[in-house]
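Notes to accompany the following structure.
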Amino acid sequence: MEILKYPDERLRKVSVPVISFGTELHRTLDDMARTMYRSRGIGLAGAQVGFFYRVFMVDIGVQDERHEKLYEFINPEWVSRSGKANWDEGCLSLPGFTETVSRAARICLKYLDRHGREQKIEAEELLAVAIQHEYDHLDGILFIDRLSSLKRRLLKRKLEKALAP
Ligand code: QAP
Ligand code: CO
């Protein structure tokens, strides 16, 4: 699959809930995982590959072997978010750019797995950050939207320079 890159306007679309949990969904999720691993990513949301449904996946295993596991999240809903943490974030849709983002330190999320079964996850540290980053993609939000206005202005200028023909 091809990953949409900033400033593609489709990254701003709000994704809709999944209603069908059959082989077509499974095939799409498998394709997404291949795309994520091929690009050395730790997270990927449907909208980034033009699949505008509320799905994302996270595997922080490549950066932290304690959690070598692919999580697939479908129709997620926040149960709770608390504390504050700053992490350096990047995004497969903004390759080559990183910036420190402030997010909740601990999260609890309710979601469906690929079979439509209800699941719940509690997370902290990198896994919690990755989940919040990917969840944002479902609502058309990018990490650059979460920066202070000064940092955002500086990063936008860098992006414009990098994207200039
Ligand atoms: C989201 O990001 C994330 O700039 C996933 O050249 C980021 O997989 C979650 C990547 C930070 C938690 C913390 C970025 C690959 C991958 C790049 C990614 C690049 C190549 C980013
Ligand atoms: Co991203």
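We did not get these values from a lab; they are worked out from the coordinates using the rules stated. Remember, predicted model here, so these are calculated numbers, not experimental data. Here the Cβ positions follow ideal geometry from the backbone for every residue, glycine too, while neighbour counts run over all protein chains shown.
Here is how the numbers come out for the structure above:
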quantity	calculated
Neighbour cut-off at most 16 other Cβ (10 Å), DSSP loop, GluC sites (Glu not before Pro), region 67-102	GLU68
19 Å Cα-Cα reach of LYS158 towards lysines, excluding residues that sit fewer than 8 places from it in its own chain	LYS5
Label-point separation in nm, ASP113 to PHE52, each point 7 Å along Cα→Cβ	3.0
Approximate spin-label separation SER82-THR23, in nm, with each point projected 7 Å along Cα-to-Cβ	4.6
Distance histogram in 5 Å bins (all Cα pairs of region 74-123, percent per bin)	5, 18, 17, 16, 20, 17, 7, 1
Per-residue [θ]222 nm for the chain (sum of -39500 (n - 2.57) over DSSP H runs n ≥ 4, rounded to 500)	-9000 deg cm²/dmol
Projected label distance in nm at ARG106 and GLU9, using a 7 Å step from Cα toward the beta-carbon	4.3
Trypsin sites (Lys or Arg not before Pro) lying in DSSP loop within region 94-158, provided at most 12 other Cβ fall within 10 Å	ARG117
Mean-position separation - Cα centroids, region 77-135 and region 1-47, in angstrom	16
Sites matching chymotrypsin sites (Phe, Trp or Tyr not before Pro) across region 63-142 that sit in DSSP coil, with at most 10 neighbouring C-beta atoms within 10 Å	none
Stretch gain in nm, segment VAL16-ARG34, where the contour uses 0.36 nm per residue and the Cα spacing is subtracted	4.2 nm
Computed lengthening from LYS161 to LEU70, 0.36 nm per intervening residue step minus Cα-Cα distance	29.2 nm
Surrounding net charge for GLN119, when Lys and Arg each add one and Asp and Glu each subtract one, Cβ distance under 9 Å	+1
Geometric extent, Cα atoms of region 79-165 - Rg, Dmax (angstrom)	14.9, 47
Spatial extent of the chain: Rg and Dmax, with the Cα atoms as the point set, Å	15.4, 47
Test item: Cα-centred dipole of the chain, Lys/Arg +1 and Asp/Glu -1 on Cβ, debye	620
